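A.B. asks: Can you keep this structure in mind? I'll have questions shortly.
The values are calculated or read from the model by the stated rules, or taken from the named source; none is laboratory data. Remember, it's a predicted structure, so these values are computed and weren't measured experimentally. Neighbour counts run over all protein chains shown; Cβ positions are idealised from the backbone, glycine included.
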Amino acid sequence: MRVKRCALPMHWMSAAPSKTEWIEVKLSSNSQVEPVDRPTVSTDMKVKQTGMTGFSAAETSLSGLTATDSGRVLEATSDVALVIDARGLIQDLAFGTEDMSTEGFEGWIGRPWIDTVTVESRPKIEAMLADAAAGRPPRWRQVNHPTPTGTDVPVMYSAVPCGRTGRIIAVGRDLRGIAQLQQRLVDAQQAIEQDYWRLRHAETRYRLLFEMASEALLIIDAGNRKIVEVNPAAAALLGEPARRLTGQSFPRALDEEGSRIVSDLLDAVKVAGRADAVQVRQADRSGTLSVSASVFQQEGTSLFLVRLSPHRGAGEAPNAAKLRMLQVIESSPDAMVVTDLDGKVVLANRSFLDLSQVSQLEQARGQSLDRWFGRPGVDLNVLLANLRRHGSVKLFATTLRGEFGAASEVEISAVAVTDPDTPCHGFVIRNVGPRLGRDTRTEGHLPRSVQQLTELVGRVSLKELVREATDVIERLCIEAALEVTGDNRASAAEMLGLSRQSLYVKLRRYGLGESGDAQEE
């Protein structure tokens, strides 16, 4: 007996239990499929039934449906419905939503279904067509349709066979709404991740500042006056380890009167938000502390930030004017360097480090200043000799070269500090390259005067200076000849003992007027 592939009627499927089972069927002589009640011999064919449920009496309840009614049902229950022939060509289509009809899909009729999807979706189309042709249970598969705008439209399809003509009906659901929700979810997750790492970085910076601060800092719970956090400087000032101080009551290590004053300070800060610093004495009478506090909120809890510092008398306070002067020197746009009597760097500001292309002061400390001068062994010796003789030097012109070869024209002013304890030399180095203008030699032009040539002494070799001097003299002579002859090039060439062609070459070289008309050339 020859076994043929067949599809089960819908009412057979609906009468089966919900779980997956095997149903025995037998082919009769008139090619009709008949169910059997008991297992038969091996000539019977087994058809796997899925867990899907169908109509209990589809032949009677849906027998009155026309093709138009079926089309309306497909339009109402799907976003897109396709009728595909046995060759995989789209014969007809319908859209259940207006959004799908405006994406340029109307031109699909007559095209292969597989050509309407992206490359990665084609194997899914082939699998759905093969399953429908073989009568296998349908599976939902997501494919992407390209659009003229460059975006892809995701659609979830399921393909089922239609009748005995080999046609297949594919119903699809538009997944753009779900894709947008997924994208919004991904964006929200990324935003949460960014906020999380931003908070982690802020916490790391806070922790680093809190731990490295030279000022004694404590975080106090405003409710129970317990120490929440303490930095190493505060632990050293209070004379106890930080882990032992955490959780203890505050104030600590103060005498009775000092504890009362600090308690009043915290009460005032909690009410008014701020209060003046107070001076209290330590319990062991070893010194006086200056205590100040501020209040802040964290996760609904009020906390105090308490600062402790040894109290200094009026005579111990640092000179504010000197502090401002040090800040000005450090922030000055001019490079400032302090060296010992041999010219070795002791201190330098940020501008000098930038000019010398050194990243850290430690890399420059102990190095001779002569290392960065354009004339090693000359400039520093001249500066030190003048400092020993006169005590100061003004506007000494030279070149400063960085670690990576960058050269800058600079002017140096220096002073000798004759302190008996720590004598030193101070240098102020100003970059004057921008105000000197561009070097004419780098642009192919020559110096215009002997004064410019003398400025090149020490910057270029003697051979180059002689060549530059020769060019300057030659140019001055040509200019004088042209001026005497009234710009008559033939007469100027005869006066200089040159041919006209040689004169034109030199005119072009020095850029002196036009080189003559085309006929003369």
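A.B. asks: Looking at the structure I just gave you, is Pro137 in contact with an Asp or Glu (Cβ under 9 Å, 6 or more places away or on another chain) and either without any contact (Cβ under 8 Å) to a residue 40 or more places away in the chain or closer than 30 Å to Thr301 by Cα (or both)?
C.D. replies: Judged against the criteria, Pro137 is not a match.
A.B. asks: Are there any pairs with C-beta distances below 7 angstrom linking a residue in the range 309-332 that is within 17 Å of Gly426 (Cβ to Cβ) and modelled with pLDDT of 70 or more to a residue that is hydroxyl-bearing (Ser, Thr, Tyr) and in a helix (DSSP H, G or I), with the two at least 6 apart or on different chains, and if so which?
C.D. replies: Here the result reads Ser332/Ser351, each pair linking the range 309-332 to a residue that is hydroxyl-bearing (Ser, Thr, Tyr) and in a helix (DSSP H, G or I).
A.B. asks: Being over 34 Å from the mean Cα position of the chain (by Cα) and either more than 30 Å from Val83 (Cβ to Cβ) or not acidic (Asp, Glu) (or both) narrows it down to one residue among Ala170, Ala213, Ala202; which is it?
C.D. replies: Unique residue meeting the criteria: Ala170.
A.B. asks: Turning to a different aspect of this structure: Could you please tell me which pairs satisfy a Cβ distance under 7 Å, a separation of 6+ or placement on different chains, a first residue in the range 283-301 that is closer than 13 Å to Ser259 by Cα, and a second residue that is at pLDDT below 85 and β-branched (Val, Ile, Thr)?
C.D. replies: Matching pairs, first to second residue: none at all.
A.B. asks: Looking at the range 263-288 only, could you name the residues that are β-branched (Val, Ile, Thr) and not in a helix (DSSP H, G or I)?
C.D. replies: Answer for the range 263-288, where residues must be β-branched (Val, Ile, Thr) and not in a helix (DSSP H, G or I): Val278, Val280, Thr288.
A.B. asks: Okay, moving on. What are the pairs with Cβ atoms under 8 angstrom where one residue, in the range 151-180, is closer than 21 Å to Gly88 by Cα and the other, located anywhere, is part of a helix (DSSP H, G or I) and among the aromatic types (Phe, Trp, Tyr)? Sequence gap at least six, or different chains.
C.D. replies: Taking only residues 6 or more apart or on different chains, the pairs are Ala170/Trp113.
A.B. asks: Moving on. Wholly within the range 407-508, which helices (runs of 4 or more DSSP H) include no fewer than the required count, namely at least 1 residues that are at pLDDT below 75 and not aliphatic (A, V, I, L, M)?
C.D. replies: In the range 407-508, 433-436, 450-455, 462-484 are the helices (runs of 4 or more DSSP H) which contain 1 or more residues that are at pLDDT below 75 and not aliphatic (A, V, I, L, M).
A.B. asks: Which condition number does Arg176 fail, the rest of (1) under 30 Å from Ser78 (Cβ atoms); (2) surrounded by fewer than 12 Cβ atoms within 10 Å (Cβ to Cβ) being met?
C.D. replies: Against the list (1) under 30 Å from Ser78 (Cβ atoms); (2) surrounded by fewer than 12 Cβ atoms within 10 Å (Cβ to Cβ), Arg176 comes up short only on (2).
A.B. asks: If the requirement is being surrounded by 13 or more Cβ atoms within 10 Å (Cβ to Cβ) and touching a Lys or Arg at 6+ places or on another chain (Cβ under 8 Å), which of these qualifies: Val338, Val378, Val345, Val382?
C.D. replies: The conditions single out Val345.
A.B. asks: So which pairs qualify, if the first residue must be in the range 189-211 and under 30 Å from Leu308 (Cα atoms), the second must be outside any helix (DSSP H, G or I) and of a type in the set (D, E, K, R), the Cβ gap must be under 8 Å, and the two must be at least 6 apart or on different chains?
C.D. replies: Listed pairs, sorted by first residue: Phe210/Glu229.
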